[in-house]
Every structure is written in structure tokens, then in C-alpha cells.
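Q: Before I ask anything, let me first share the structure, which is written out below as C-alpha cells.
The values are calculated or read from the model by the stated rules, or taken from the named source; none is laboratory data. Treat the numbers as computed from the prediction; the structure is a model and nothing was measured. Note that each Cβ is placed from the backbone with ideal geometry, even for glycine, and that neighbours are counted across all protein chains shown.
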Amino acid sequence: MKRVMEQVGALHRLEPASNDHLAALRVAVSVAAPSLLLMAAGRAELIIYAVFGALTGMYGRNEPHQLRLRHQARAAVVLLGGVAVGVFLSVNHLHSWWLVGVEAVLAGAASVFADRVRLRPNGPFFGILALGACASVPASIPWYAALLIAAASAGFSLAVGFSGWFRHRAWQRSAARSRQPAEPGAVLIHAVRYVLAVGAAGAAGVLSGSGHPHWAMAAAAVPLAGADLPSSVRRGVHRIVGTFVGLVVTAVVIWPEPWSLAALWTRWPVQLPDHPAVLLALLVVLFQFTTELFMTRHYGLAMVSFTPVMLLISQLSAPIDPGVLILERGVETLVGALMGIAVVVAVRRSGSRTRTGLLGSTLFRPARRAGH
């Protein structure tokens with residue numbers, strides 16, 4: 001009972017701050033610049049590609065500049081790969097079961113890469129999310145143009161992450177990330193978990209008739225980054241609760257009622273741009289800042305902000321009825337997170353209950369900066 005109460009208490013624990021505002025500012029700038037440029041060009045529907053490229057800035061937050069640059073470059077491979085495959089599926093109108101099959105297989109492959117290079121945040125989550133989101137919106141430009149936007153955004157994010165070096169101009173020759181060999185068996189089992197969780201959640205989404213099965217697939221990947229079973233369950237709970245609160249925030253912004261921010265924007269007494277898309281783009285930047293501010297301190301709080309980010313860029317790309325959008329996001333998140341927890345419970349190596357087991361190993365033990 002004491003152990004159970006400790007885990008319940010951990011659900012509410014807010015970790016101490018560690019220069020989170022600097023990392024959050026870097027990510028916000030990385031998202032803001034390309035997003036506002038696209039908004040100024042009248043192409044708000046393309047912001048989705050810029051945002052996923054800019055998420056490169058979420059990696060290597062507390063590392064020396066040269067290590068951060070290398071770390072973020074590897075993360076960009078996962079993110080841009082997800083965008084490229086997603087746009088390919090969208091352009092060729094490959095949805096439903098095609099999306100589930102391709103995303104599940106690539107989730108496993110990306111998991112192997114992420115574990116080998118030790119990406120932090122752990123795992124291929126953002127690549128999975130980019131693939132599903134880009135596949136689920138109609139491509140209004142050629143595939144190479146969408147990929148170029150994402151790549152340019154990722155390149156800008158790399159520059160922002162490295163920009164602090166020019167102030168100190170200190171290159172630490174001996175700087176290196178701590179290395180621990182990744183056990184091939186552990187890496188393989190972890191990849192199998194991703195294939196099973198993402199595939200099962202996507203299948204459930206398709207069979208339910210949802211128009212957004214990729215949300216269930218992304219949610220299923222979240223518990224897999226936990227260091228052990230309790231932390232995996234905790235991440236799943238944070239994902240569900242944080243998303244539900246984030247859906248309330250999203251409703252306040254876009255719900256078709258006079259009290260929503262989108263409606264108030266058009267009636268503001270001060271002269272503002274007529275198009276509510278400007279408001280949504282500005283809120284994407286603001287919510288991405290607060291997401292990164294809490295990402296390492298409390299995953300559930302981070303999800304309160306990250307949920308509106310994903311839904312707002314989805315609305316900018318392919319608007320649908322807000323009620324349908326919010327309902328499907330809630331249902332898919334619940335189903336996906338539960339699927340992910342179930343796979344973590346079901347697929348464990350012998351001895352994984354100890355700290356030296358698969359998810360208790362250093363390879364899968366998230367650092368303070370780990371998270372989705």
C-alpha cells in the first residue's frame with residue numbers, strides 16, 4: 001500500500017526547474033519565425049510542416065552546444081522522415097489501414113534508431129506524430145515543397161540551438177555524452193513494443209470510424225518511454241488527464257460560440273487582423289512555449305498546452321467541426337494511452353521487474369529532460 005501511495009503522489013509531483021525558460025524560449029523562437037512568415041505570406045495551412053521541423057529544438061536542451069547540435073541533427077532525421085512519409089501518404093491518398101501499417105512499421109524502425117543514438121526526449125514519438133498528422137491533412141503544395149518547409153524550419157531550429165555558442169565561443173573538445181552500449185535484445189523488444197502498441201491503437205481507431213486514428217497511435221507510444229512499469233502508467237495517466245484539460249482550453253479558443261477567443265477576436269474594439277487564423281498562429285507559439293516550460297517538470301501539465309498546439313495546427317491545415325475535432329481527440333487519446341500501457345504490461349523481458357530489466361536499464365531510463 002505504501003508503494004501504491006508513493007506512485008499516486010508522484011502523479012502530482014512537480015520536478016524542480018532547471019533553466020526551463022531558456023529551453024522554452026529557444027523552442028518558441030524556432031516555432032514562431034517560420035510560422036509567422038507563412039502567416040504573413042497568407043499560407044497558414046502550411047504551418048503544420050514548419051512546426052514539426054521546429055520541434056527539433058526540443059532535443060538536447062541542457063547539453064553543450066556542439067553536443068546539442070549533433071543531438072538535434074539526429075532528431076531532425078526522425079522528424080523530417082516522419083514528415084516525408086506522411087506527406088507521401090497524403091499526396092497518394094493512402095489513408096486508413098495504409099496509414100496504420102506504415103506508421104506501425106516505421107515506429108519500430110525509428111525506435112531502433114532513437115535507442116541507438118539515445119535521443120532525449122526518449123523514443124520516436126515526435127516522428128510518429130509528424131507522420132500521422134501530415135498524412136491526415138490534404139497536401140496543398142507538392143511534396144518536396146512541404147518537406148523543404150520542414151527542413152528549413154529544422155535548420156533554423158538548429159541555428160537557434162547553437163546560437164549561444166557565439167556569445168561564449170567555447171568549444172569543449174572533451175565534451176561527450178555518457179555512453180552505455182545498447183543491448184541488441186533490449187532494443188529489439190522495445191521496437192516490437194512500438195509496433196504492437198502503435199499498430200493496435202491505429203487499428204482500433206480505424207475500426208471505430210474515427211477520422212484521426214493517428215492520435216490513438218501517437219498516444220499509444222507515450223507510455224513506452226517510461227523507465228519502468230509505474231512510470232509508464234504514470235505517463236499514460238498524465239497523457240489522458242492532460243489532454244482532456246487541454247481539450248477544454250482548445251474549446252475556449254475555437255468553439256463556435258460568442259464567448260470563444262476566435263469569436264471575440266473578430267469583435268475586439270481595437271483594430272486587429274480580420275482573419276482568426278492569425279490568432280490561432282499566435283496561440284500555437286504561446287502554447288509551444290508553455291509546453292516546453294513544463295515538459296521535464298510535469299508531463300501532464302505540458303500536455304495541457306501541447307494538445308491545443310496540435311489541434312490548432314490541424315484546424316489551420318484542414319478545418320473541421322470543432323465538436324468532432326475535440327471529441328475524437330479525447331476518445332483516441334484514451335484508447336491509445338490504454339493500449340500503450342497494456343503493451344508495456346504484456347511485453348516484458350524476464351527480470352524486467354528489477355532495475356536492471358529492460359525498461360529499468362540506463363538505456364530506457366529517461367533523464368530529467370525526457371518526455372513527449
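Q: For residue 54, which of the numbered conditions (1) modelled with pLDDT under 90; (2) within 19 Å of the chain's Cα centre (by Cα); (3) among the aliphatic types (A, V, I, L, M) fails to hold?
A: (1)
Q: Sort out which residues of the stretch 58-106 are within 27 Å of residue 302 (Cβ to Cβ) and outside any helix (DSSP H, G or I), and write them in order of number.
A: Result: 59, 60, 61, 62, 63, 64.
Q: Quick check on the stretch 231-240. Is at least one of its residues at pLDDT below 80, more than 20 Å from residue 331 (Cβ to Cβ) and among the charged types (D, E, K, R)?
A: If we filter the stretch 231-240 for residues that are at pLDDT below 80, which is where we start, we get none.
Within the stretch 231-240, not a single residue is at pLDDT below 80, more than 20 Å from residue 331 (Cβ to Cβ) and among the charged types (D, E, K, R).
Q: If you scan the stretch 135-146, which residues turn out to be touching a Leu at 6+ places or on another chain (Cβ under 8 Å) and either within 26 Å of residue 225 (Cα to Cα) or in a helix (DSSP H, G or I) (or both)? Can you show your working first?
A: Initially, the stretch 135-146 is screened for residues touching a Leu at 6+ places or on another chain (Cβ under 8 Å), giving 135-136, 140-141, 146.
Correct list: 135, 136, 146.
Q: Suppose we filter 140, 111, 163, 153 for residues that are buried (at least 22 other Cβ atoms within 10 Å of the Cβ) and farther than 19 Å from residue 218 by Cβ; which single one remains? Full working, then the answer.
A: Details: 140 fails: buried (at least 22 other Cβ atoms within 10 Å of the Cβ); 111 fails: farther than 19 Å from residue 218 by Cβ; 163 fails: buried (at least 22 other Cβ atoms within 10 Å of the Cβ).
Result: 153 is the single residue among 140, 111, 163, 153 that is buried (at least 22 other Cβ atoms within 10 Å of the Cβ) and farther than 19 Å from residue 218 by Cβ.
Q: Just for the stretch 321-350: of the residues that are of a type in the set (Gly, Ala, Ser) and outside any loop (DSSP other than H, G, I, E, B), which one is nearest to residue 201 (Cα to Cα)?
A: Going through the stretch 321-350, the residues of a type in the set (Gly, Ala, Ser) turn out to be 323, 330, 336-337, 340, 342, 346, 350.
Of the ones still in play, those that are also outside any loop (DSSP other than H, G, I, E, B) are 323, 330, 336-337, 340, 342, 346.
Working: 323: 22, 330: 14, 336: 5, 337: 8, 340: 8, 342: 11, 346: 15 Å.
This residue is 336.
Q: Of the conditions (1) among the polar types (S, T, N, Q); (2) at pLDDT 85 or above; (3) in a loop (DSSP other than H, G, I, E, B), residue 18 clears all except one; give me its number.
A: (2)
Q: Right, another one. Just give me the residues in the stretch 180-206 being touching a helix residue (DSSP H, G or I) at 6+ places or on another chain (Cβ under 9 Å) and either more than 17 Å from residue 338 (Cβ to Cβ) or without any contact (Cβ under 8 Å) to a residue 12 or more places away in the chain (or both), in sequence order. Lay out the reasoning, then the answer.
A: As a first pass, look at the stretch 180-206 and keep what is touching a helix residue (DSSP H, G or I) at 6+ places or on another chain (Cβ under 9 Å): 180-183, 186-188, 190-206.
Hits for the stretch 180-206 are 180, 181, 182, 183, 186, 187, 188, 190, 191, 192, 195.
Q: Same structure again: Are there any pairs with C-beta distances below 6 angstrom linking a residue in the stretch 147-165 that is part of a helix (DSSP H, G or I) to a residue that is hydroxyl-bearing (Ser, Thr, Tyr) and at pLDDT 95 or above, with the two at least 6 apart or on different chains, and if so which?
A: 149/49; 150/49; 154/56; 157/30; 157/56; 160/30
Q: Which residues, counting only those in the stretch 186-212, are hydrophobic (A, V, I, L, M, F, W, C) and crowded, with 24+ Cβ neighbours inside 10 Å? Spell out the reasoning first.
A: Of all residues in the stretch 186-212, those hydrophobic (A, V, I, L, M, F, W, C) come to 186-189, 191-192, 195-198, 200-201, 203-204, 206-207.
Those that are hydrophobic (A, V, I, L, M, F, W, C) and crowded, with 24+ Cβ neighbours inside 10 Å: 197, 198, 201.
Q: I'd like to verify a number: residues in the stretch 57-79 that are without any contact (Cβ under 8 Å) to a residue 40 or more places away in the chain and within 17 Å of the chain's Cα centre (by Cα), how many? Even if it seems obvious, please write down each step before you answer.
A: The first filter runs over the stretch 57-79 and keeps only residues without any contact (Cβ under 8 Å) to a residue 40 or more places away in the chain, leaving 70, 77.
Filter once more, so that each one left must be within 17 Å of the chain's Cα centre (by Cα): 77.
Matching residues across the stretch 57-79 total 1.
Q: Now, a different point. Given the conditions (1) within 17 Å of the chain's Cα centre (by Cα); (2) under 25 Å from residue 203 (Cβ atoms); (3) surrounded by fewer than 24 Cβ atoms within 10 Å (Cβ to Cβ); (4) without any contact (Cβ under 8 Å) to a residue 60 or more places away in the chain, which single one is not true for residue 82?
A: Among (1) within 17 Å of the chain's Cα centre (by Cα); (2) under 25 Å from residue 203 (Cβ atoms); (3) surrounded by fewer than 24 Cβ atoms within 10 Å (Cβ to Cβ); (4) without any contact (Cβ under 8 Å) to a residue 60 or more places away in the chain, the lone unmet condition for residue 82 is (3).
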